[in-house]
Amino acid sequence: MKNNADVQVQLISKGQPNPLKNILHENETMFIVEKVPLEKEEPSHVEELPSEETAISDLSTSENVGLLALPVGRARQLIGFYTMAHNPNMTHLKINRPVAALPPLWVRCDGSDPERVSWLGAELLSTSSSVTGVVLYMVTCRVDKNYSVNLEDLKKSHKKRHHLSTLTASGFARYELFKSTALDDIVAASQTTITLDISWSPVDEILQTPPLSSTAALNIKVESGEPRGPLSQLHRELKFLLVLADGLRTGVTEWPESLEAKSAVELVQEFLNELNNLNEFGDSTKKDTEIVKNDAAAVDGSIECLLTVRGDLDFAEQLWCKMSSSVISYQDLVKCFTLVIQSLQHGDIQPWLHSGSRSLLSKLIHQSYHGAMDTVSLSGTVPVQMLLEIGLDKLKKDYICFFIGQELASLNHLEYFISPSVGTQEQVHRVQKLHHILEIVVSCMLFIKPQHELLFSLTQSCIKYYEQNPLDEQHIFQLPVRPTAVKDLYQNEKPQKWRVEINSGQKKVKTVWQLSDSPPVDHLNFHRPGKDDFSELTLNGSLEERISFTNMVTCSQVHFK
């Protein structure tokens, strides 16, 4: 990048984060032009340099590019250079022809003009052999609490600008069904959002409620670990499992703080004493399960816990529950397993286990039934591996119980996630993905209460995605839905975003008007009337009282031949 450039150009490739996404609703390759940010050590007069040179960088490697907008006059000049360079009639420029068609060019504008222009853009019109013209775009954006616009006026303006007799108006609305909020200033909210996108045509009026004949889709992004959610206990167990897995992988275990009043050794010793004193193992299982159920229900008394604790926790699973909440050191781990192995060797306990476990502890327990156990050295990584194995078994059964119990998946559907035929680290990674699927499904059950058919489709969609992709809690899962199935969620609500697009069958020739409750442009500082009131109104969460942002996209065509 040249130091004397007053303008920099970013090449944004298809699929990269796009600052125009909220306006164009496309994600294609394009150039973004903006003012070069000043270095701190540079004197202020650098900004006044008349240089018209530019520096080009790729967005994927550029750092701290800054969201610096240009005056509209300078932006129009740059758009003019781009247009003339592709115009074959500009022979005086002495450019070698034909010129290769460049991606669209968009220039950030500072909105200081009367029309509040925030972007100017140019996109080429071309055939297979040559560039035939250019479409010039203008985007305006403003804070507009008392907006006034008429659909028929928009249509007339579009017809007049493009000399067209026929046109269509397509609508889009986005409704925010759920967004997580922070518990307080210390505990941050999980980034969970559920929105509903609806598209339809024709549009009858501005802010029309989407008809039931529309096309609709849910957008679901869920971050695991909502502190108030019914899965917080299970997520805590998963986090402890990840601590153990990381310890095996790196050789360093970051032990969490204990959640119990008693030490891990005391809890395990009491557990073993109970088993030794009870005549029936089933009574112990029932007692422990009831305690866990009460704790889970206490997470949020306002909702019924959807993931009920299994009533068939075996010895190893109960041991995991006690140790995962209390072990704070490697020494704790060794002492706890020493107590367990000694009780097995002395015949003090003959615990019951689920079938199918391949863990070392399960092997030792089965051997104890016959009075002959292998000698196990509780040193090195062995204790960590032992606890990790029983944790994996327990969590896998928890997930199986939920998905099969809710008739959302079969064992065949879950095979990829629960298979023991891969390495331990890969098993942990797959269980983590399965937990994220569970968080997604439970979030939908809680906040939008969909029909079983929709939940089944969502579950299968998540399963297919995670069979082929790594864990990504920022991924937005999209699920087509029938508006009739979700009409109660949006028909009496105000949209987060409402848009009408007017065109005449040509994709690039359009007029767009959009209303939203957040700024669609990221580089402008909007003046909000009544700033103090605005802050209060935003905090109370009422969309009716929030300041609205309107933006409009208009275009014109220039033909070279």
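The values are calculated or read from the model by the stated rules, or taken from the named source; none is laboratory data. Here the structure is a predicted model, which is why all the values come from computation and not from measurement. Don't worry about glycine lacking a Cβ; one is built from the backbone with ideal geometry, like all the others, and counts go over all protein chains shown. Accessible surface areas use protein heavy atoms only, side chains included; no ligands, DNA or RNA. Shrake-Rupley method; radii C 1.70, N 1.55, O 1.52, S 1.80 Å.
Where a ≥ b ≥ c are the square roots of the eigenvalues of the C-alpha gyration tensor, would you call segment 462-512 rounded, which needs a/c under 1.5, or, failing that, prolate if a/b is larger than b/c, or oblate?
Values: a/c = 2.57, a/b = 1.43, b/c = 1.79.
In terms of gyration-tensor shape, oblate.
Here the Karplus curve 6.51 cos²θ - 1.76 cosθ + 1.60, taken at θ = phi - 60°, turns the phi angles of segment 225-234 into couplings of x, 4, x, 8, x, x, 9, 4, 5, 5 Hz, with x standing for Gly and Pro. Each peptide in 480-489, 400-409 gets a packing score, the mean of other Cβ atoms within 10 Å over its residues, and the list from highest to lowest is 400-409, 480-489.
Only Cα pairs under 8 Å and at least 6 apart count here; give the relative contact order of segment 369-510 as a rounded whole percent.
On the way: 66 pairs, mean separation 26.0, N = 142.
The normalised contact order for segment 369-510 reaches 18 percent.
In the full protein context, segment 126-241 carries 49 Å² of accessible surface per residue, based on a 1.4 Å probe and ignoring ligands, DNA and RNA. Residues whose amide H falls under 5 Å from that of Trp119, counting only those 5 or more places apart or on a different chain, are Cys109, Val139, with hydrogens built in the peptide plane.
From the Cα gyration tensor of segment 104-159, with a ≥ b ≥ c the square roots of its eigenvalues, which class applies: rounded if a/c is under 1.5, or else prolate if a/b is larger than b/c, or else oblate? List each step's numbers first, then the result.
Values: a/c = 4.16, a/b = 1.58, b/c = 2.64.
Oblate.
Using θ = phi - 60° in the Karplus curve 6.51 cos²θ - 1.76 cosθ + 1.60, the 3J(HN,Hα) couplings for segment 82-93 round to 4, 5, 5, 4, 9, 7, x, 7, 7, 5, 5, 6 Hz; x is entered for Gly and Pro.
Taking the Cα centre of segment 116-171 as reference, the dipole from Cβ charges on Lys and Arg (+1) and Asp and Glu (-1) amounts to some 200 debye.
Pairs Lys239/Lys335; Lys179/Lys487; Lys35/Lys497; Lys335/Lys433; Lys239/Lys363: which are spaced more than 24 Å apart, C-alpha to C-alpha?
Details: Lys239/Lys335 22 Å; Lys179/Lys487 19 Å; Lys35/Lys497 30 Å; Lys335/Lys433 32 Å; Lys239/Lys363 26 Å.
Among Lys239/Lys335; Lys179/Lys487; Lys35/Lys497; Lys335/Lys433; Lys239/Lys363, the Cα-Cα distance tops 24 Å for Lys35/Lys497; Lys335/Lys433; Lys239/Lys363.
Percent of accessible area on segment 139-243 owned by carbon and sulfur, 1.4 Å probe? Of all accessible area on segment 139-243, carbon and sulfur atoms account for 47 percent.
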